[in-house]
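Here is the structure we will look at, set down as structure tokens.
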Amino acid sequence: MHAGFGRLRSVCPMNIEAFFLDVGQRLWAEDEALCADVARLDAAWRDELAAHGGPFLFGAFGAVDAYFAPVAVRLSRFGL
């Protein structure tokens, strides 16, 4: 996460206490780079869940799931 998904990190700051659904809707409508970051995440996560049967990215909970927790929080808080 520290080196990838730069647009997501730059326009959706980490905040676990607040929801920014209106901001997320506006960004989704206006920011193609953000949409591309989210599409890459969606494709990667879907592929891994399908390949390993879930419920986590590689089947059982592991480090990769913890690694992507900040991403999941951003997506949730901004309604993406």
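Here, each number is a calculation from the coordinates, and none is a lab measurement. Keep in mind that what you see is a predicted model, and the values were worked out from it rather than measured. FYI the Cβ positions are ideal-geometry reconstructions off the backbone, even for glycines, and counts take in every protein chain you see.
Odds and ends about this structure:
- Residues of the stretch 55-73 that turn out to be surrounded by fewer than 13 Cβ atoms within 10 Å (Cβ to Cβ) and either assigned to a helix (DSSP H, G or I) or at positive phi (or both), as a count: 6
- Selection from the stretch 14-54 of residues that are surrounded by 12 or more Cβ atoms within 10 Å (Cβ to Cβ) and not in a helix (DSSP H, G or I): ASN15, PHE19, PHE20, ASP31, GLY54
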